[in-house]
Each structure stands twice: as C-alpha cells, then as structure tokens.
Amino acid sequence: MVARMKRTALIFVLVAACGGGKKPAQTTTMESHETKEEPAKPAEPAETPKPEEKPAEAAKPDEGALAQAALTEQYEMGKKVFADKKCASCHGDHGEGNKKNPPVIGEKALPEKAPKTAKLRKGVTFKTAKDVMEFVKAKMPVKAAGTLTDDEAAAVTAWMLSENKVNLEKKLDASNADSVMLHAGAAAEGEAKGAEPAEPAKPATPAKPAKPAKK
Ligand code: HEC
C-alpha cells in the first residue's frame, strides 16, 4: 500500500515536472507516448515516375500473344543450347559459375565491366543484350568458339538474360538486341536514389519517456 502510494506520488511529480497539466498525456505512459510520436508517414512518393509502365495494351492482342509465344520458344531453345553446347559443363547447370568459370546467372553475373581477371572478355563491356550475344557468338563455348549459329547465340543469351530478370519483350535478335539494356534496373535504382522517399524520417530520437519510477 505504501509502495503504491509512493509510485502514484512519483508519477504525479513527473507529470508536474513535465509541464504541469498542459500535456499530461505525453508523459504518463509509454503507450500514449508511442501513439503520439509515430513517425510521420513518409510523404507518399508523390509522382515517382514509373518508367516501366506499359502503354495500354496494343490494339491487337494477338500480336502480343504471338510475341510472347515466340519469346517462350526462344527461351526453351536457349535453355537447351546451354545444356547441349557444354555451357553448363563450365558455367554450372544453372549458370552459377565456379572458381574457374564466371557465373552467367545470378547477382554478380554479366557485370557491365569485364572482371579484372577476364582474358577472353578483356575490355568488353556488357551494356546491352547485343554485347553479350556477340561475345557468346565469338568466344563461347571456349573450346569451340564460333560454332554457335546466330539463332543459338541469340537463344542462349535470351535464356541467360531472362534468368537474370532482364525484361525481354520480344524474341531477341540482331535487330533489337542493342535496345535491351542489361543493367537498366541497376541504373534506374541509382537514379532513383536521390528522389526516393527513403525510410520514414526517423523521428529525432524521441526524448525518452521519463523512466517510470523504479519498482
Ligand atoms: C570450357 C569452359 C567453358 C565453356 C564450355 C563455356 N564457357 Fe563461357 N566462359 C568460360 C570462361 C573461363 C569465361 C571467362 C572468360 C574470360 O576470361 O573473360 C567465360 C565467360 C563467359 C561469359 C561472360 C561472363 C562474364 O560475366 O564475363 C558468358 C556470357 C559466357 N561465358 C557464356 C557461355 C555460353 C553461352 C556457353 C555455351 C555456348 C559457354 N559460355 C561455354 C568458360 C566456358
């Protein structure tokens, strides 16, 4: 009983100390504190431009479906080329690479700048699908470079890129490969950084609620 009275008295003192009756709610309990101090919601990212927003479906839905089918077919062919032409024997079944052979699928795969250790790729920049396609056609598979047909090189590139989440909208070929950006995602992220609403501004470390009197 005495203890409780003491505590009540303490709280009372605290409340008084914190500005008397003005804003007692802020200081009395943790709960009320939390609700009060919730970080202001980050302003809605306003008009973050959505570069990827597709134009309203083309008038001819068939065309889109056909393009999609052609792309799927190419993807399947590329997957097969990767296995049949021994790409997998060096780069791994799923292109994950290993100590001797670079990954062709995965976060670190196909960097824009050739890896420092690169020999065959030395000085070759991978900016677009075309760069990869041409490199593959010219240099891969290592011991039989130049044996892939254009179709095979395009297909295996399309497969690798798809697996790397590069967005292909059409069957990849020599005429459109240089418009497919490999690192568009990364570039966009970089650009966006400045504008990003970022984390909800951390509430300036809210003054810790006066510690409740020790029990
Ligand atoms: C005998 C092993 C071997 C085979 C088979 C092979 N590669 Fe490679 N590949 C390599 C090596 C090693 C490199 C790194 C070359 C260098 O030094 O620049 C490489 C590099 C690559 C690169 C560039 C990777 C990067 O990020 O620098 C791609 C893409 C690639 N290979 C695709 C293929 C494809 C597609 C095939 C099958 C058609 C294939 N490779 C077959 C060993 C192989």
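Could you go through segment 124-133 and let me know if any residue there is on the phi < 0 side of the Ramachandran plot, basic (K, R), part of a helix (DSSP H, G or I) and touching a residue at least 40 places away in the same chain (Cβ under 8 Å). Spell out how you get there, then give the answer.
Initial filter on segment 124-133 (on the phi < 0 side of the Ramachandran plot): 124-133.
Right, trim to basic (K, R) and you get 127, 130.
Narrowing further to those that are part of a helix (DSSP H, G or I): 130.
In the following step, the residues that additionally are touching a residue at least 40 places away in the same chain (Cβ under 8 Å) were identified as 130.
Yes, some residue in segment 124-133 is on the phi < 0 side of the Ramachandran plot, basic (K, R), part of a helix (DSSP H, G or I) and touching a residue at least 40 places away in the same chain (Cβ under 8 Å).
So that you can scan it fast, the table gives a plain yes or no per residue for (1) touching a Gly at 6+ places or on another chain (Cβ under 6 Å); (2) at pLDDT 95 or above; (3) under 20 Å from M77 (Cβ atoms):
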| position | (1), (2), (3) |
| --- | --- |
| T125 | no, yes, no |
| V132 | no, yes, yes |
| L148 | no, yes, yes |
| A153 | no, yes, yes |
| E163 | no, yes, yes |
| E189 | no, no, no |
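Assuming G78 fulfils every condition listed in (1) closer than 14 Å to L182 by Cα; (2) touching a residue at least 60 places away in the same chain (Cβ under 8 Å) apart from one, which condition is it?
(1)
When segment 139-154 is examined, which residues are found to be more than 7 Å from the ligand (Cβ to nearest atom) and outside any helix (DSSP H, G or I)?
A145, G146, T147, T149
What's the number of the only condition in (1) near the ligand (Cβ under 10 Å from one of its atoms); (2) in contact with a Phe, Trp or Tyr (Cβ under 6 Å, 6 or more places away or on another chain) that S162 fails to meet?
It is condition (1) that S162 fails.
The values are calculated or read from the model by the stated rules, or taken from the named source; none is laboratory data. If you're wondering where the values come from, they're calculated on a predicted model, not measured in any experiment. No Cβ is skipped: glycine too gets one built from the backbone with ideal geometry, and neighbour counts run over all protein chains shown.
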